[in-house]
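A.B. asks: The structure under discussion is supplied below as structure tokens; questions concerning it will follow.
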Amino acid sequence: MASEPQGGLTEYIRHHLEHLRPPHISEGAFWTLNIDSVTVSLVLGILFCLWFWLKARKATAGVPGKGQAFLEIVLEFVDGQVKDVFHGDRRFLGPLALTVFAWVFLMNAMDLLPVDLLPMITAKFGIGHFRPVPTADVNMTFAMSITVLVLVIFYSFKAKGFGGYMHELFTAPFGKWLFPFNFALNMVELVAKPVSLAMRLFGNMYAGELVFLLIAGLFSTGSVLLYSLGIIGYAVWGVFHILIITIQAFIFMVLTIVYISMAHDHH
Amino acid sequence: MELVAHIAQVQGFTAIALGLIIGFGALGACIGIGIMGSKFLEAAARQPELVPLLQGRMFLLAGLIDAAFLIGVALAMYFAVANPLLVNVMAAGAGH
């Protein structure tokens with residue numbers, strides 16, 4: 001715990017929950033920038049694209065190498081999920097689902113690094129606060145889910161036309177004489193999608209990060225028993241967390257596909 | 001001294017609330033996972049050829065069931081380490 005301030009566990013956790021922000025912006029200002037989340041997510045996104053692009057460029061129809069085989073497994077898994085839900089042209093939805101899955105998974109996987117590793121490295125460069133998990137930042141998850149909402153609205157217009165979509169918004173469950181209720185219900189449905197999508201991912205990752213931090217707090221107590229308990233707890237929660245990050249990335253992907261394919265359905 | 005009593009009161013109620021959030025959340029999530037798991041095993045025993053199809057959906061639903069609970073846990077943890085409800089008490093105490 002290189003960057004540990006004085007003040008015990010509460011201070012330690014609070015210190016770790018602070019984002020790296022531009023220094024000239026005052027505390028609690030509305031317009032701000034979480035540099036750590038943006039940087040880590042961009043780096044991971046570029047890494048994912050480069051990796052897949054390099055492998056895809058050298059892909060052979062003959063005996064595939066280990067890297068290509070792994071990529072094929074991921075690709076076919078995602079494509080199979082898309083195929084199950086969406087019956088139409090998959091040229092956009094397939095790559096979208098793959099990007100969402102791999103990107104969210106990589107961002108979640110930052111949770112598996114020791115909680116003090118990246119802050120320790122950045123502290124060497126004089127940066128005090130650094131949160132390495134972008135998906136434990138509610139801004140990131142909402143950015144992704146609002147993008148999904150925009151896509152849903154776009155595909156609703158594209159699949160049904162302006163008139164068709166308006167007709168559906170105003171008449172869908174109860175017929176045209178109750179159009180205010182229909183519209184209100186449809187709006188609630190539309191808004192609930194990105195909120196639940198973002199909060200689910202954020203809640204899972206935030207809770208996971210906090211549990212890691214609480215366990216890491218045991219390392220500084222000075223007692224050997226608590227230290228070894230911390231190591232065991234960290235390992236157990238880490239293994240369990242592998243399951244959680246995969247499932248959450250998978251859920252984000254599947255729900256993205258489901259929402260966009262729902263936008264294609266006619267009522 | 002009065003301030004200490006007020007802080008203790010807020011913290012005590014917060015602690016009870018944390019227990020309720022995590023306890024009831026865990027209760028609901030566990031019942032949900034239990035029902036789903038038992039149904040999955042029943043279905044798998046009846047029609048083993050459907051297991052690959054059902055497995056993916058089971059994990060999807062497991063994540064969905066767990067999510068509400070984990071959001072609750074995140075909220076509870078947030079209240080446990082940095083209690084925003086104490087801010088007003090502290091401000092009132094500083095005013096005196």
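The values are calculated or read from the model by the stated rules, or taken from the named source; none is laboratory data. In this text the structure is predicted, and so the values were computed from the model without any measurement. With ideal geometry, Cβ positions are generated from the backbone for all residues, glycine too; neighbour counts draw on all protein chains shown.
A.B. asks: Within region A:179-202, identify whether any single residue is within 11 Å of chain B (Cβ to nearest Cβ) and free of Cβ contacts under 8 Å to residues at least 40 places away in the same chain, and answer yes or no.
C.D. replies: Scanning region A:179-202 turns up at least one residue that is within 11 Å of chain B (Cβ to nearest Cβ) and free of Cβ contacts under 8 Å to residues at least 40 places away in the same chain.
A.B. asks: Same structure again: Kindly check whether there is at least one residue in region B:18-32 that is within 21 Å of the chain's Cα centre (by Cα) and within 11 Å of another protein chain (Cβ to nearest Cβ).
C.D. replies: Within region B:18-32, one or more residues are within 21 Å of the chain's Cα centre (by Cα) and within 11 Å of another protein chain (Cβ to nearest Cβ).
A.B. asks: I'm trying to understand the selection: among the residues of region B:33-54, which are out of contact with any helix residue (DSSP H, G or I) (no Cβ under 7 Å at 6 or more places or on another chain) and more than 12 Å from chain A (Cβ to nearest Cβ)?
C.D. replies: Within region B:33-54, B:34, B:35, B:37, B:38, B:39, B:41, B:42, B:45, B:46, B:47, B:48, B:49 meet the criteria.
A.B. asks: Filter region B:70-96 down to residues that are over 20 Å from residue A:11 (Cβ atoms) and within 9 Å of another protein chain (Cβ to nearest Cβ) and give me whichever is surrounded by the fewest Cβ atoms within 10 Å (Cβ to Cβ).
C.D. replies: B:75
A.B. asks: Considering only region A:177-195, I want to know if a residue exists there that is closer than 26 Å to residue A:245 by Cβ, hydrophobic (A, V, I, L, M, F, W, C) and in a helix (DSSP H, G or I).
C.D. replies: Yes, region A:177-195 contains at least one residue that is closer than 26 Å to residue A:245 by Cβ, hydrophobic (A, V, I, L, M, F, W, C) and in a helix (DSSP H, G or I).
A.B. asks: Also, quick follow-up: Restricted to region A:28-38, and to residues that are outside any loop (DSSP other than H, G, I, E, B) and touching a helix residue (DSSP H, G or I) at 6+ places or on another chain (Cβ under 9 Å), which residue is modelled with the highest pLDDT?
C.D. replies: Among those residues, the one meeting the criterion is A:38.
A.B. asks: Taking the criterion of being within 11 Å of chain B (Cβ to nearest Cβ), part of a helix (DSSP H, G or I) and β-branched (Val, Ile, Thr), would at least one residue in region A:248-255 satisfy it?
C.D. replies: Checked against the condition, which is being within 11 Å of chain B (Cβ to nearest Cβ), part of a helix (DSSP H, G or I) and β-branched (Val, Ile, Thr), region A:248-255 yields at least one hit.
A.B. asks: Another one. If we scan region A:77-86, do we find a residue that is polar (S, T, N, Q) and either in a loop (DSSP other than H, G, I, E, B) or within 20 Å of residue A:210 (Cα to Cα) (or both)?
C.D. replies: No: zero hits.
A.B. asks: Select from region A:70-103 the residues that are of a type in the set (Gly, Ala, Ser) and within 14 Å of another protein chain (Cβ to nearest Cβ) and list them in ascending order.
C.D. replies: Scanning region A:70-103 gives A:80, A:97.
A.B. asks: For the structure I just gave you, tell me whether residue A:222 is part of a helix (DSSP H, G or I), without any contact (Cβ under 8 Å) to a residue 12 or more places away in the chain and under 30 Å from residue A:130 (Cβ atoms).
C.D. replies: No, not satisfied.
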